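Undergrad: Below is a structure I'd like to ask you about.
The values are calculated or read from the model by the stated rules, or taken from the named source; none is laboratory data. Note that this is a predicted model, so its numbers are computed, not measured. Every residue, glycine among them, receives a Cβ derived from its backbone with ideal geometry; neighbour counts consider all protein chains shown. What goes into the accessible areas is simple: the full protein's heavy atoms, side chains included, and nothing from ligands, DNA or RNA. Shrake-Rupley method; radii C 1.70, N 1.55, O 1.52, S 1.80 Å.
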Amino acid sequence: MLTKSFELPTEEQLTVEEVNISTPALRAGAFHLGKYCETPSQEFMLCRFEEKDPRKCFEIGKEVTACGLEFFRKVKKECLDEFTQFANCLDKSSVDFKFSPCRNTQAAFDKCMLEKLEMNKPGYGYYCRAKVLKTDRPRPPGYITPEFPDAAKPIVIPPYEELPEAKHGSRFFVYP
């Protein structure tokens with residue numbers, strides 16, 4: 001339910017140049033795009049999570065879109081042929097844009113990105129790892145940092161020299 005005091009954003013606030021690109025092309029550049037625009041994307045998601053109001057995050061959202069545009073312009077300038085071949089392979093090789101039939105064109109694109117733009121493709125599981133974002137944006141008023149009382153306590157393992165002798169034989173011998 002909206003009240004009279006609720007302000008909707010203006011058309012000017014919402015207007016931004018869009019990343020006009022097809023699904024296969026977006027999937028072809030997704031790994032490198034995610035790495036290239038990691039910081040603005042994390043800033044935007046943090047803003048959305050902390051503020052609980054997407055209207056307060058317009059400017060950061062525009063930075064994310066600008067980052068995506070900048071990335072694809074660089075790819076177009078430096079690695080257009082490899083990128084186009086990879087995107088076409090994704091488009092025509094399978095119904096659901098699988099990567100597996102296109103490993104050769106993907107390798108050529110990854111090599112071009114490394115040589116010309118000095119961008120490594122992130123390793124497997126990179127986007128699943130926990131990361132801490134260093135931000136200059138102030139916390140919103142009233143924000144409470146969550147506490148995790150049942151978090152695992154660190155296990156302190158003493159150095160080998162301080163361990164007591166093994167009760168049932170050597171620590172280095174494994175019985176077959």
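Undergrad: Could you state the orientation-averaged shadow area of the convex hull built on the Cα atoms of the chain, in nm² to one decimal?
TA: Mean orientational projected area (the chain, Cα hull): 20.7 nm².
Undergrad: Let me spell out the model: positive unit charges on the Cβ of Lys and Arg, negative unit charges on the Cβ of Asp and Glu, origin at the Cα centre of the chain. What dipole size does that give, in debye rounded to 20?
TA: Roughly 400 debye, rounded to the nearest 20.
Undergrad: Name the cysteines of the chain that stand alone by the Cβ rule: no other cysteine Cβ under 4.7 angstrom.
TA: Isolated Cys, the chain: C128.
Undergrad: Continuing with this model, one more query. Would you please calculate the Kirkwood hydrodynamic radius of the range 27-109 over all C-alpha pairs and express it in Å, rounded to one decimal?
TA: 14.2 Å
Undergrad: Based on the alpha-carbon gyration tensor of the range 93-176 and its eigenvalue square roots a ≥ b ≥ c, which shape applies: rounded if a/c is under 1.5, prolate if not and a/b is larger than b/c, or oblate?
TA: oblate
Undergrad: Same structure again: What is the packing order of peptides 23-29, 134-140, taking the mean over residues of other C-beta atoms within 10 Å and listing the highest first?
TA: Listed from highest to lowest mean packing, they are 23-29, 134-140.
Undergrad: Return a whole-number percent for the relative contact order of the range 1-97, with Cα pairs under 8 Å and 6 or more residues apart as the contact set.
TA: After rounding, I find 40 percent.
Undergrad: How do the peptides 95-104, 35-44, 65-74 rank, highest first, by the average count of neighbouring beta carbon atoms within 10 Å per residue?
TA: By packing density, highest mean first, the sequence is 35-44, 65-74, 95-104.
Undergrad: Continuing with the same structure: Placing unit charges on C-beta atoms (Lys and Arg positive, Asp and Glu negative, everything else neutral), compute the dipole magnitude of the range 73-175 about its Cα centre in debye, rounded to 20.
TA: Computed charge dipole of the range 73-175: roughly 400 debye.
Undergrad: Let me ask something additional. Give the residue from F83, C47, L14 lying farthest towards the positive end of the charge dipole for the range 5-118; charges sit on Cβ (+1 for Lys and Arg, -1 for Asp and Glu) and the dipole is referred to the Cα centre.
TA: F83
Undergrad: At 1.4 Å probe size, what's the solvent-accessible area of Y127? Round to the nearest 10 Å².
TA: Here the residue's solvent-accessible area equals roughly 110 Å².
Undergrad: Just reorder V16, V64, V75, V132 by solvent-accessible area, largest first, 1.4 Å probe, all chains present.
TA: From most exposed to least exposed: V132, V16, V64, V75.
Undergrad: Calculate the spin-label point distance for E70 paired with K131, positioning each point 7 Å from the Cα along the beta-carbon direction, and give it in nanometres.
TA: 1.5 nm
Undergrad: Quick check: with the 1.4 Å probe, what order do I157, I60 take by accessible area, largest first?
TA: I157, I60
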